[in-house]
Amino acid sequence: MRKNIVAGNWKMNTTLQEGVALAKEVNEALKNQQPKCDVVICVPFTHLASVNQVIDPEKLGLGAENCADHVKGAYTGEVSAPMVASTGATYVILGHSERRQYYGETSETLKTKVNLALENNLTPIFCIGEVLEERENGTYNQVVKAQIEEALFNLTAEEFSKIVLAYEPV
């Protein structure tokens, strides 16, 4: 059985200095703890390398909040899975509701991102969930099922076992 994970997504909050200070606080809070789950912080791209220098990877996992669906190229502002991995991060959040809603991420895009994350030894934290209207009209099971099938059912059993599913109703 897999170990549970508690992951904090910092979103577009904290300057680099504030983020490093917060990471130090979280790291210190875990110093003498033996949590029954893995604890992961997913920080803005600008914080990854600096935060990696101040945390104990035995106590606190580090992840990015997203990665691109390309390895390299003229994609201004995007950060690839190899770039994320080069910072020392070992997790990446994919399929977050905000990315689906505001940036139009599709299951096909997410399938590519998952594959790139796995190829770069990143553990995808794959978000699934429904909006309130889907919950209320009873279609939420079909919505979540489609999100999983369309983006993850191309994976081998071994690859799928590396995915962390995060239920995130909007």
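The values are calculated or read from the model by the stated rules, or taken from the named source; none is laboratory data. Remember, it's a predicted structure, so these values are computed and weren't measured experimentally. In this analysis, Cβ positions are derived from the backbone assuming ideal geometry, glycine residues included, and neighbour counts consider all displayed protein chains.
Pull up the range 119-142, narrow it to residues that are more than 12 Å from the chain's Cα centre (by Cα) and of a type in the set (A, V, I, L, M, F, W, C), then point me to the one that is surrounded by the fewest Cβ atoms within 10 Å (Cβ to Cβ). Only one residue fits best here, namely L132. When we screen V114, V40 for residues that are under 21 Å from V164 (Cβ atoms) and in contact (Cβ under 8 Å) with a residue 60 or more places away in the chain, the only hit is V40.
Yes or no, residue by residue, for (1) part of a loop (DSSP other than H, G, I, E, B); (2) at positive phi; (3) of a type in the set (A, V, I, L, M, F, W, C); (4) in contact with a His (Cβ under 9 Å, 6 or more places away or on another chain):
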| residue | (1), (2), (3), (4) |
| --- | --- |
| K36 | yes, no, no, no |
| S50 | no, no, no, no |
| I55 | yes, no, yes, no |
| E58 | yes, no, no, no |
| G63 | no, no, no, no |
| D69 | yes, no, no, no |
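So which residues in the range 89-110 are under 14 Å from the mean Cα position of the chain (by Cα) and assigned to a loop (DSSP other than H, G, I, E, B)? If the condition is that a residue be under 14 Å from the mean Cα position of the chain (by Cα) and assigned to a loop (DSSP other than H, G, I, E, B), then A89, T90, G95, H96 are the ones that fit. If you go through the range 1-28 and pick out every residue that is assigned to a loop (DSSP other than H, G, I, E, B) and buried (at least 16 other Cβ atoms within 10 Å of the Cβ), you end up with 2.
Looking at T46, T76, just one residue is at pLDDT 95 or above and not in a loop (DSSP other than H, G, I, E, B), and that residue is T46.
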